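What follows is a single structure, written as C-alpha cells, with notes after it.
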Amino acid sequence: MPQPLEIQFRETDPGALAETPGRIALFADAGAALSPAARRLDRATRGAISRATGSEAFAALKPGEALELAFPAGLVAEAVQILRLPRRADQAAARKAGSTIARGHGGAALTVLAETHPRASQIAFGLALRAYEFEVYRSAPAKPRGPAVVMVASPEAVAAEAGPLAALAEGVFFARDLVSEPANVLTTDEFAARLAAMQELGLEVEILEEPDLARLGMRALLGVGQGSESPSKVVVIQWRGGPAGESPLALVGKGVCFDTGGISIKPAAGMEEMTMDMGGAATVAGVMRALALRKARVNVVGLVGLVENMPDGRAQRPGDVVRSMKGDTIEVINTDAEGRLVLADVLWYAQERFEPKGVIDLATLTGAVIVALGHDNAGVFSNDDALCNAFLKAAEAEGEGAWRLPLGPGYDAKLKSRIADMVNSCGREAGSITAAQFLQRFVRTGMPWIHLDIAGTAYVKADTAHGPKGATGWGVLSLDRLIRDRFERG
Ligand code: BES
Ligand code: MN
Ligand code: ZN
C-alpha cells in the first residue's frame, strides 16, 4: 500500500526558525500585521518577508496562493513560501493553501508555520490530499519525503480537530488506490479481499458469490460477468454506528474491474483507462472506511457489484434477453452499456434486504456525461429534491463539482424494447439521462434516490486543487459531509 505524506503537529519554536532547513511555509495577508514567527524570519532576512507581503504581487494573490523566496539570505532554509491566507479564510481557501504547499514540496524537509491560524487542520488536510501519489509500480519512486511538520500553538487541540480529517483522507486515498490499480491486479477477487480486510476497522463485510447471486436471481449482473475468468460478486459492507434497528442509508457502487465493452467491444485507443470503471465501488468503499475510522454515529450500508466485462465464447451477446432480480426483462442491445445492468440488480437487492432510508448510487456510467459536463462536474440525478439539494450543498462545500440533470417520462419512453420490458441502450441522444432513467426503473416508488454519474470526475487528465491527475476519490468528501449533516446524530 502506498504511504501517504505523514503530517506531525508540533508546538511552534520561534527560536529555531533561522536554522530550520528545507522549505518553510508561512501565512500572511496583505495589509495585516505579520505573525510572530513571520516577524522572526523578517528580522533574520533583514525585512525580506515584509517587503514580499507589502508588494503588489502579494496583494494580487488569491487566498491560498503563494509567493516564494528562494535561498533567502540570513536563513538556512532553501525556500520560504509566503501564502496569502487571511485568518478568517474559509475552508476552501485553507485547503487550497495546503495544496499550494504540497505542489512545492519535493524531497526537502517541510515546516509549515500555522501558529495560531484558526484553519490549521484544514491547511494540513489540503496538504495531505494534494501530496498523494500512486507509486506502487515505480521501480524508482520520487525522492522519499520526510514528515511535514506543522507548527501550531496548541498541537493537542489541532490534532483533535485533524482526527476526523485524517479518517477522511484515508477514505479518499483508499478510493484513489483502488481506481489506480491495474485490472490484472485488482480482479474481482482482489477487490473483495481488500474490502474484507476492512473488517478490522469494525465494518461487517459479506461476500456474495456467483451461486448466491444466481439464487437471488441477479441475472442482469451475472450476464455482464459471464465472459470473464474472474467471478462476479456482490460485496455488502455494513457500518452500524447508529441506533440498533434504525434503517440505514444505502450506498451502491458500480465495480466493473475492467470494461472492454464485451462483444460490443470498445476501440483500442484509450481502452486502458477502463481500469477505472470500478470508480463508483471505490468511492463507496472509501466512504465506508472513513465512517468506520471516525466512528460515525450512523447506520450506512455499502453495496458494490464487482464484475469484469470481457468478450469471450461464453460472453453475453447483443440481443440477449436477461431477467433482473426485480423480475423485469432486459434486451441487451449493447454489451458496453453494462454498468446499468450491474446496478439494476444491486439497487434492487439493497432495497429488498435493507429497507433503507434512501439510496445513493455512484457509477462511471456514461461517456456522455463527459461530453456534457467534462471532468469538472459529476452528473446528479434524483427523484427527491430535498435529498438532492442537501447533496449539492455538501458537494459545493467540499469543492467537488456536481451538477443536476433532469429526468422525465419522455426520456423513459426511449427504453421501449421490441421483445422485452426494456432495452439497456437507446442511442446517443441524452445518453446519461436515459441511463439514469434505466436505473430509476429499479428504484421503488417513494424511495429517495440519487444517482451520481462519475465517469468524468472519478479519473481526471490534469492536476486539481485536491490531488494529482488520475484517480480523484471524487465523492468521498461530499458523501461523508452529507451523512454528517443529514443522517448522523450529534
Ligand atoms: N464505463 C463506460 C463509461 C465510461 C466512458 C466511463 C468513459 C469512463 C470514461 C460505460 O460502461 C460505457 O461503456 N457506456 C457506454 C454506454 C453506451 C453503449 C450506451 C458509453 O458511454 O459509450
Ligand atoms: Mn461499458
Ligand atoms: Zn462501464
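The values are calculated or read from the model by the stated rules, or taken from the named source; none is laboratory data. Being a predicted model, the structure only gives us computed values, none of them experimental. In this analysis, Cβ positions are derived from the backbone assuming ideal geometry, glycine residues included, and neighbour counts consider all displayed protein chains. Surface areas here come from the heavy atoms of the whole protein model, side chains and all, with no ligands, DNA or RNA. Shrake-Rupley method; radii C 1.70, N 1.55, O 1.52, S 1.80 Å.
Annotations
- Some residue of the range 338-348 being assigned by TED's automatic domain parsing to the domain that holds residue 223, under 20 Å from the mean Cα position of the chain (by Cα) and buried (at least 23 other Cβ atoms within 10 Å of the Cβ): yes
- Of the listed requirements (1) surrounded by 24 or more Cβ atoms within 10 Å (Cβ to Cβ); (2) over 17 Å from the mean Cα position of the chain (by Cα); (3) not in a loop (DSSP other than H, G, I, E, B), residue 262 misses just one: (3).
- First in the range 235-258 and within 16 Å of ligand 2 (Cβ to nearest atom) and open to solvent by 10 Å² or more (accessible area, probe 1.4 Å), second anywhere and assigned to a strand (DSSP E or B) and acidic (Asp, Glu), Cβ under 6 Å, 6 or more apart: 258/308
- Scanning the range 400-446 for residues that are in contact with a Lys or Arg (Cβ under 7 Å, 6 or more places away or on another chain) and either open to solvent by 20 Å² or more (accessible area, probe 1.4 Å) or within 20 Å of residue 364 (Cβ to Cβ) (or both) gives 424, 426, 434, 435, 438, 439, 442.
- Each residue in the range 272-292 was checked for being among the aliphatic types (A, V, I, L, M), closer than 20 Å to residue 337 by Cα and either more than 14 Å from ligand 1 (Cβ to nearest atom) or open to solvent by less than 40 Å² (accessible area, probe 1.4 Å) (or both), and 4 pass.
- Test: residue 166 is more than 21 Å from residue 23 (Cβ to Cβ), open to solvent by 50 Å² or more (accessible area, probe 1.4 Å) and not in a strand (DSSP E or B): yes
- Residue 217 farther than 23 Å from residue 133 by Cβ and surrounded by 18 or more Cβ atoms within 10 Å (Cβ to Cβ): no
- Wholly within the range 1-95, strands (runs of 3 or more DSSP E) carrying at least 1 residues that are open to solvent by 60 Å² or more (accessible area, probe 1.4 Å) and farther than 25 Å from residue 166 by Cα: 66-70
- Taking residues in the range 365-377 that are closer than 18 Å to residue 462 by Cα, and partners anywhere that are of a type in the set (Val, Ile, Thr) and surrounded by fewer than 21 Cβ atoms within 10 Å (Cβ to Cβ), the pairs with Cβ atoms closer than 7 Å and at least 6 places apart or on different chains are 375/460.
- Extreme residue, nearest to residue 183 (Cα to Cα), among residues of the range 194-214 that are assigned to a helix (DSSP H, G or I) and open to solvent by less than 20 Å² (accessible area, probe 1.4 Å): 195
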